[in-house]
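Notes to accompany the following structure.
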Amino acid sequence: MRYWDTSVLLKLYVQESDSARFAALLAQPGEVIYTSEFSRLELLRAFWGKRVDGAIRAGAERALLRRFDQEVELGRITLVSQRAEAWKQFEAVLETCYKRAQPVRVRAFDALHLATALAAKATEIVCTDTRMRAGAALLGLRLFPL
């Protein structure tokens, strides 16, 4: 199972230079996005950021969030809850990343995404964030893109 980070989900809603690569992955037969339930909140913040940056027009942030919610309702996106197992994994993620000679300084939401992916039994993470990718590799998750 692939776990999708919020920053990659954003590329499906707001055109970026590598959006087509992730849209192609999603177009594969049977592909379902698994992501944290808090990705909805992160996406809304990102949409507002894109609006302020002039990448989307005023009002688009709400329309894009409605589109995301529709994808959840249709079952194309599965929101993974923050259950007790994810909270347990969170500390393990931090230990793995920080107890190294060269620590991987994952941020709190990055570590929570990684913990949620582990709790959901994901085998691969779809992510472009350098720190999250480094942490995922330490945790034994395959990376997309390679």
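The values are calculated or read from the model by the stated rules, or taken from the named source; none is laboratory data. Small disclaimer: the values here were computed from a predicted structure and weren't measured. Ideal geometry is used to build each Cβ from the backbone, glycine not excepted, and the neighbour counts take in all protein chains shown.
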For region 12-31, the count of residues that are outside any helix (DSSP H, G or I), over 20 Å from ARG66 (Cβ atoms) and hydrophobic (A, V, I, L, M, F, W, C) equals 1
Mind counting the residues in region 38-97 that are among the polar types (S, T, N, Q) and in a loop (DSSP other than H, G, I, E, B)? 2
Every residue from region 91-133 that is surrounded by fewer than 19 Cβ atoms within 10 Å (Cβ to Cβ) and of a type in the set (A, V, I, L, M, F, W, C): ALA92, LEU94, ALA101, ALA108, PHE109
If you check LEU139 against the conditions, is it of a type in the set (A, V, I, L, M, F, W, C), more than 14 Å from TYR3 (Cα to Cα) and more than 14 Å from the chain's Cα centre (by Cα)? no
Checked pairs for region 16-34, first modelled with pLDDT of 90 or more, second of a type in the set (Lys, Arg) and outside any loop (DSSP other than H, G, I, E, B), C-beta under 7 Å and 6 or more apart or across chains, list as ASP18/LYS11; SER19/LYS11; PHE22/LYS11; TYR34/ARG2
For region 126-142, pairs from a residue that is within 10 Å of VAL106 (Cβ to Cβ) to a residue that is assigned to a loop (DSSP other than H, G, I, E, B) and charged (D, E, K, R), with Cβ under 8 Å and 6 or more apart or across chains, are ASP129/ASP5; ARG131/ARG105; ARG131/ARG107; MET132/ASP5; LEU138/ARG100
Cross-chain or 6+ apart pairs with Cβ under 8 Å, region 96-123 first and on the phi > 0 side of the Ramachandran plot, then part of a loop (DSSP other than H, G, I, E, B) and surrounded by fewer than 17 Cβ atoms within 10 Å (Cβ to Cβ): LYS121/MET1
